[in-house]
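Everything below concerns the one structure shown next.
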Amino acid sequence: MGLESLREAVAEYLRTARGVSCEAEQILIVSGSQQALDLCARVLADPGSPVWIEDPAYFGARNVLNMAEARLIPVPVDAEGLNVSAGIASCPRPRAIFVTPSHQFPLGVTMSASRRLQLLDHARRTGAWVVEDDYDSEYRYGNMPIAALQGLDRDSRVLYVGTFTKILFPAIRLGYIVLPEDLISPFFEARRAADTCPPLFLQSVLAEFIREGHFARHIRRTRVICRERRTALVEALERELGGVLEVLGDSAGMYLSVALPAGWRDREISHRSAAHGVWAAPLSDSYLGPARRNGLILGYGGTPAEQLGVAVSKLRDVLRDYARDRPRGPSHAAATRRSTAGAGQSPTTARRRGSARRAEPL
Ligand SMILES: Cc1ncc(COP(=O)(O)O)c(C=O)c1O
């Protein structure tokens, strides 16, 4: 299950910082949340088991559920997070539900309190397991931290998944699952069959790092840095592409997604920007079915603020070239002229002239 001192340190941290209700015995240390999601898929789903997944979703969750041959039920996400009523309408009795309630990946919204209660109520009534992937919740900038869904769960239906990838660094490959009592034994068996445990040396260093208070200080310091980076990115996007791109989601995390004007293809734009050294993942890849939105996922956690301004200027040039080259029918021509008129202007100018995004809401 992992090194005892680390399990104790993680339990203490989750109780105080995330409102998770847990004891060290419920903590399983894993190799990053990817292994946590993989174990959840293997233990909770049989081939053909219906599993709700957010649409759009984190590719890491989708991949492990496909590997487990689960039957994926895409459930749309709106401004309040997972649309529980839509999930019930398409599949009332899922075996499990995979969600990112604190900061939906990739749309960035926070699940509302009423949706959280509706989700837990449905899980209680149907016996579904809820897998809460709480991958970057330490980083919230606008308002107070949102407590974990797990802390609201009175019926032991939620498996809480966390990771040190965002708070420390991805190569550390350490994460954890907080398991309901009934699932400790099957997860222990599955874990032992998979790879025994992550290196004890790393676990021991991390336990001391947390116990000695460095971890809490590190979070406080990096939260300030990440907020500065996010502010720099949002300001640069407003300045350079104010009328063209729409920033989605809440002020949180280490990435943000932007919506492109209607008809613009994110895969091609992503490809073009990669050729200029700017990594902007296509939003449409995260949809299970047809993409309802084309957009870009922009990571800022690992990039100094000055470089983000340079990157946005490159992205602006890429979008200008794309708007010029892209094939378009007569109805698209006028919209594109309006939307690229915004690129490079102040937000006010772009707003005055109007934009294709506003003319053709996504
Ligand atoms: C939604 C989501 N979950 C989890 C993770 C972290 O994965 P891991 O802990 O395996 O590095 C990420 C990282 O990008 C993510 O976006």
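For the reader, a short list of remarks on this structure follows.
- Accessible surface of the stretch 136-218 [probe 1.4 Å, protein heavy atoms]: carbon and sulfur percent: 59 percent
- Largest first and in whole Å, the equivalent-ellipsoid semi-axes of the stretch 117-200 read 24, 22, 8, each the square root of five times a Cα gyration tensor eigenvalue.
- For the stretch 44-118, radius of gyration divided by Kirkwood radius, i.e. Rg to Rh on alpha-carbons: 0.95
- Range of Cα positions in the stretch 43-177 per principal axis (Å), largest first: 37, 32, 26
- Along each principal axis, Cα extent of the chain, largest first, Å: 62, 47, 34
- Sequence-distant residues sharing a close amide H with residue 246 (under 5 Å, placed H): 259
- Sites residue 185 and residue 271 - FRET efficiency at Förster radius 56 Å, r taken between beta-carbons, to 0.05: 0.75
- GNM result for the chain, Cα springs below 10 Å: residue of 277, 243, 299 fluctuating most strongly: 277
- Rounded accessible area per residue of the stretch 156-283, 1.4 Å, Å²: 46 Å²
- The simple spin-label model puts a point 7 Å past each Cα toward its Cβ; for residue 212 and residue 285 those points are separated by 3.9 nm.
- Each principal axis of the Cα cloud of the stretch 186-312 was taken in turn, and the coordinate range along them, longest first, works out to 50, 36, 27 Å.
- Each stretch of four or more DSSP H residues adds -39500 (n - 2.57); spread over every residue of the chain, this sum gives -14000 deg cm²/dmol at 222 nm.
- Distance between the C-alpha centres of the stretch 134-200 and the stretch 95-119: 16 Å, rounded to the whole angstrom.
- In the full protein context, the stretch 2-99 carries 38 Å² of accessible surface per residue, based on a 1.4 Å probe and ignoring ligands, DNA and RNA.
- Gaussian network model of the chain, springs between alpha carbon atoms under 10 Å - residue of 64, 20, 310 with greatest fluctuation: 310
- Along the stretch 302-310 the Karplus relation, 6.51 cos²θ - 1.76 cosθ + 1.60 evaluated at θ = phi - 60°, assigns HN-Hα couplings of x, 10, x, 3, 4, 6, 5, x, 5 Hz to successive residues, with x for each Gly and Pro.
- Label point distance in nm, residue 88-residue 307, each placed 7 Å from Cα along Cα→Cβ: 4.8 nm
- Cα centre as origin, Lys/Arg/Asp/Glu Cβ charges: the stretch 167-268 dipole, Debye: 380 debye
- Excluding exposed DSSP-loop trypsin sites (Lys or Arg not before Pro) (at most 16 other C-beta within 10 Å), longest clean stretch of the chain: 1-153
- Residue 169-residue 121 pseudo-label distance in nm [points 7 Å out on the Cα-to-Cβ vector]: 4.7 nm
- When only the Cβ of Lys, Arg, Asp and Glu is charged (+1, +1, -1, -1), the dipole of the chain relative to its Cα centre reaches about 1560 debye.
The values are calculated or read from the model by the stated rules, or taken from the named source; none is laboratory data. What you see is a predicted model; the values in this text were computed from it and never measured. Quick reminder, even Gly has a Cβ in these numbers, built from the backbone with ideal geometry, and neighbours come from all protein chains shown. Remember, those area values only see protein heavy atoms, side chains included, never the ligands or the DNA or RNA. Shrake-Rupley method; radii C 1.70, N 1.55, O 1.52, S 1.80 Å.
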